[in-house]
1. Report the residue count in the stretch 198-219 for those that are open to solvent by less than 10 Å² (accessible area, probe 1.4 Å) and either touching a His at 6+ places or on another chain (Cβ under 9 Å) or part of a loop (DSSP other than H, G, I, E, B) (or both).
2. Quick check on the stretch 144-162: of everything there that is over 19 Å from the mean Cα position of the chain (by Cα) and more than 14 Å from Arg195 (Cα to Cα), which residue is least open to solvent (accessible area, probe 1.4 Å)?
3. Would you pick out the residues in the stretch 32-56 that are on the phi > 0 side of the Ramachandran plot and modelled with pLDDT of 95 or more?
4. Is there a residue in the stretch 274-296 that is open to solvent by less than 70 Å² (accessible area, probe 1.4 Å) and either under 27 Å from the mean Cα position of the chain (by Cα) or aromatic (Phe, Trp, Tyr) (or both)?
5. Could you say which residue among Leu31, Leu19 is in contact (Cβ under 8 Å) with a residue 12 or more places away in the chain and open to solvent by 10 Å² or more (accessible area, probe 1.4 Å)?
6. Scanning for something open to solvent by 60 Å² or more (accessible area, probe 1.4 Å) and either out of contact with any Leu (no Cβ under 8 Å at 6 or more places or on another chain) or not basic (Lys, Arg) (or both), does the stretch 321-328 turn up at least one residue?
7. Please find, within the stretch 296-348, the residue that is farthest from Ile215 (Cα to Cα) out of those that are hydrophobic (A, V, I, L, M, F, W, C) and without any contact (Cβ under 8 Å) to a residue 40 or more places away in the chain.
8. Which one of these is in contact with a Pro (Cβ under 7 Å, 6 or more places away or on another chain), among the polar types (S, T, N, Q) and either free of Cβ contacts under 8 Å to residues at least 12 places away in the same chain or closer than 25 Å to Cys206 by Cβ (or both): Thr247, Thr255?
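The values are calculated or read from the model by the stated rules, or taken from the named source; none is laboratory data. Worth saying up front: this structure is predicted, and the values here are computed from it rather than measured. Here Cβ is always computed from backbone atoms with ideal geometry, including for glycine, and neighbour counts include all displayed protein chains. Please note that ligands, DNA and RNA were not included when accessible areas were found on the heavy atoms of the full protein model with its side chains. Shrake-Rupley method; radii C 1.70, N 1.55, O 1.52, S 1.80 Å.
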Amino acid sequence: MSKKKYQRVALACQGGGSLGAYHIGAVKAMLESGYAPDVVSGISIGAFTAALVAGNEPDQVVQKLEEFWDTISWPDIPQMPNASPDARKMHNKLTSLQGFVFGQPNFFVPRFPHPALQKKGTIAATSFYDTSKLRDTLLKFVDFDRINSGKSRLILGATRVKDGELVFFDSAKMKVGPEHVMSSGSMPPGFPGIRIDGDLYWDGGCVSNTPLEGIFQAEPRVDTLCFMVDLFNPIGKEPENMDDVDTRSKDILYTSRTAHHIGHVNNRHNLQKALAHVIDKLPANLKSDPIVKELKGFSNDAKFDIVHIVYDAPNYEVKSKDCEFSKSSIRDRAEHGYADMNKALEKSPWLQERPAHVGSTVHKFVSGTQV
């Protein structure tokens with residue numbers, strides 16, 4: 001069956017700091033296969049990817065992603081060719097330490113003096129790093145006029161600090177700018193909150209690292225194929241040392257809610273589809289019943305299929321893998337994203353026929369293998 005069976009192609013980019021380089025390859029494979037997204041949603045580093053995808057012409061997206069990541073990374077610490085996993089791990093530990101101490105160029109720098117010595121109530125007193133340079137970087141690589149003209153739809157998730165609610169900024173409903181992208185990636189206590197229309201916002205990952213809900217709620221309701229790119233793998237071995245504990249706990253923390261949200265969206269949509277099927281079979285006199293009319297408003301006859309792509313980090317990634325921005329790791333993660341997405345696209349199980357009453361299917365791939 002043709003991919004044209006879907007009226008909308010969507011991309012949901014999860015947060016995960018420097019692991020977001022995986023998005024580069026995943027997006028490249030999508031575009032090469034003709035799956036240019038109409039709607040892009042993101043949280044945290046996924047918000048940066050989403051803005052770059054929505055804010056550039058399709059034939060420029062991959063180049064802009066690569067240039068953006070090159071701009072926010074230091075020149076690489078030299079390593080031996082064909083280095084062993086242990087040597088690569090040591091290299092990655094050093095580069096993550098470099099980021100903690102010096103920050104990342106055109107992204108964030110350490111505050112001086114320490115936040116404890118800053119004036120109470122200021123952003124300097126509530127964050128360890130200054131992210132003001134990021135605004136200029138986003139303006140350099142993202143065409144917000146393109147987004148706000150409606151050529152692409154951008155949906156960004158951020159946490160409203162005053163009530164802890166996950167809020168989605170939708171370019172179809174409001175004008176979006178660099179501050180909205182920054183708010184989605186403002187993870188405390190490292191980065192400062194961003195104030196928008198009087199309210200302070202933190203990273204959307206404080207509530208949920210999964211931007212799927214913003215796409216699911218998008219109007220109009222049409223047949224949608226959503227690629228969900230996950231940067232943490234929920235499956236892993238039991239830890240043997242404290243580094244393993246830190247790595248495993250981080251993977252579980254950021255993926256448990258992903259599984260919950262995907263399952264929730266899948267089950268809810270299938271219920272809505274089944275409800276639409278039942279209402280369609282009712283006689284005309286029952287369809288006019290007020291309760292049936294109310295239920296019809298909840299029903300949804302469109303398809304909403306999810307392609308869940310999961311990055312399974314190699315063993316040379318360190319516990320601070322989400323804070324390790326070396327150019328070699330960026331290239332490596334992008335290559336993994338490209339290979340994994342291509343393997344999923346080769347199979348394309350979402351193009352197979354299925355029962356008419358099924359409204360949503362989930363196709364999960366880990367390292368390109370369907371599970």
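1. Qualifying residue count for the region: 6.
2. Of everything passing the filter in the stretch 144-162, Arg146 is least open to solvent (accessible area, probe 1.4 Å).
3. Result: Ser44, single match.
4. no
5. Leu31
6. no
7. Among them, the one singled out is Ala344.
8. The unique qualifying residue is Thr255.
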